[in-house]
Amino acid sequence: MTGYGRGEVTSQGIRFVVEIKTVNHRFQELVLRLPQGWMSVEEAVKKVVQPVVRRGRADVFVHVEGVGKPPCSLSVDWGLVDLIVQSATEMAPRYGIKTPPTAAELLQLPGVLKIEETRFDPQALEEPLLEAVGLACKALATMRKREGEALYRDLVDRSENLKRYGNEIRERAPQVIQAFRERLERRMEEWLEREAGWMDRITGEAALFADKADIEEELTRLGSHIDQLGVVLLHSNEPIGRQLDFLLQEMNREVNTIGSKANDAKIGAFVVECKSELEKMREQVQNIE
């Protein structure tokens, strides 16, 4: 499920900013982007995020910066400067150089000025960092909950559509059998002489067609799967994405069987509508843990 959460904590003059972005993915995948030198706290951060993002890809961005402190420190290699100045002093009379090197010129020489980034101790600062991670997870969960409520309403609405199409198909099915019987009677009347037993033949053919075209069992299973989906959506407190995906696969199988057995244009139209709803539901389920 897509989402975003941000957490910020300031402690000991250091600001921790954690951002978590999640996108749809069939499995759990955590990608941490920590500052250089902070790999020692990677597992601790994962332990906080993993229970919140059980399915999908989560990108975790951790920023650490000093508050009121320079981002780096500068130092001069005085030993090197002494050597340079000494060499310059010796060179002056030999080459007739009257002006000694200035401080600005010395600072431009390689190695004279050392720049070091401000470093922090990750182990000593793990607690406030994890606090920021927890805040980001909480914000992420709040956003994902809102999205989940919208997904729930959408899946319930589409489930109701499937029930309605199923009822339409169940109502239409006997009419298909009767229509086949009537067509068979007309053909028999046109091409066969009336003789003893012709009605029995019609009855037998109609019964055979009815048996092949019987979709009551598939409709019953489809209805059962729809009811199960509703129960899972309403009552489960565990990750349900894979369970919903399985139920939708089973529904799709029943709908395909109904379409192949019914041999009727109107039922075929309802089957197309069912498959369209199922496809949209499967797309939505990919967003659910």
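Laboratory data are not the source of any read-out in this text; all were calculated from the coordinates shown. What you see is a predicted model; the values in this text were computed from it and never measured. Methodologically, a virtual Cβ is constructed for each residue, glycine included, from the backbone with ideal geometry; neighbour enumeration extends over all protein chains shown.
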Computed over the Cα atoms of the chain, the Rg and Dmax in Å are 37.2, 139
If you wrap region 116-155's Cα atoms in a convex hull and average its projection over all directions, what's the area in nm²? 4.2 nm²
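Could you work out the local net charge near Val45, counting Lys and Arg as +1, Asp and Glu as -1, over the other residues with Cβ closer than 11 Å to its Cβ?
Values: positive: Arg33, Lys46, Lys47; negative: Glu42, Glu43, Glu126.
Cβ neighbours under 11 Å give a net charge of 0.
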Among Ala104, Ala150, Ala136, which one shows the highest mean-square fluctuation when the chain is modelled as a Gaussian network with alpha-carbon springs under 10 Å? Ala104
List, in the order given, every pair from Lys47/Lys114; Lys46/Lys163; Lys145/Lys280; Lys47/Lys275; Lys21/Lys280; Lys145/Lys275 whose Cα-Cα distance in the structure shown is over 31 Å. Lys47/Lys114; Lys46/Lys163; Lys47/Lys275
Note down the Stokes-Einstein diffusion coefficient of region 36-144 in µm²/s, whole number, using a Kirkwood radius over alpha carbon pairs, 37 °C, and 0.692 mPa s. 176 µm²/s
Just Tyr152, Tyr165, Tyr95 to compare: in a GNM of the chain, with alpha carbon springs under 10 Å, which one fluctuates most? Tyr95
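May I ask for the net charge around Lys138, where only other residues with Cβ less than 14 Å from the Cβ of Lys138 are counted and Lys, Arg are +1 while Asp, Glu are -1?
Values: positive: Arg6, Arg144, Lys145, Arg146; negative: Glu8, Glu19, Glu131.
Surrounding charge for Lys138 is +1.
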Sticking with the crude label model, points 7 Å out along Cα→Cβ, report the distance from Lys114 to Lys266 in nm, one decimal please. 8.9 nm
Sorting Ser260, Ala44, Leu34 by the position of each Cα along the dipole of the chain (Lys, Arg +1; Asp, Glu -1; all at Cβ), the one nearest the positive end of that ordering is Leu34
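Sum up the charges of everything whose Cβ sits under 9 Å from the Cβ of Val60, counting Lys and Arg as +1 and Asp and Glu as -1, but leave Val60 out.
Working: positive: Lys21, Arg33, Lys46; negative: Glu19, Asp59.
After counting each charged neighbour, the total is +1.
Do me a favour and compute the ellipsoid semi-axes for region 1-61 from its Cα gyration tensor, root of five times each eigenvalue, largest one first, whole Å. Don't skip to the answer; put the middle values down first.
On the way: eigenvalues 99, 33, 17 Å².
Each semi-axis is √(5λ); the values are 22, 13, 9 Å.
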Sort Thr99, Thr2 by Cβ crowding within 10 Å, fewest neighbours at the top. Thr99, Thr2
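Going through the DSSP H helices of the chain, which span 20 Å or more along their own axis at the Cα atoms while scoring at least -0.5 as a mean Kyte-Doolittle hydropathy? Before the final figure, lay out each step's value.
Working: long enough: 78-95 (25 Å, 0.29); 126-191 (90 Å, -0.91); 198-212 (21 Å, -0.17); 216-235 (28 Å, 0.06); 241-262 (31 Å, -0.60); 265-285 (30 Å, -0.15).
Passing helices, by number: 78-95, 198-212, 216-235, 265-285.
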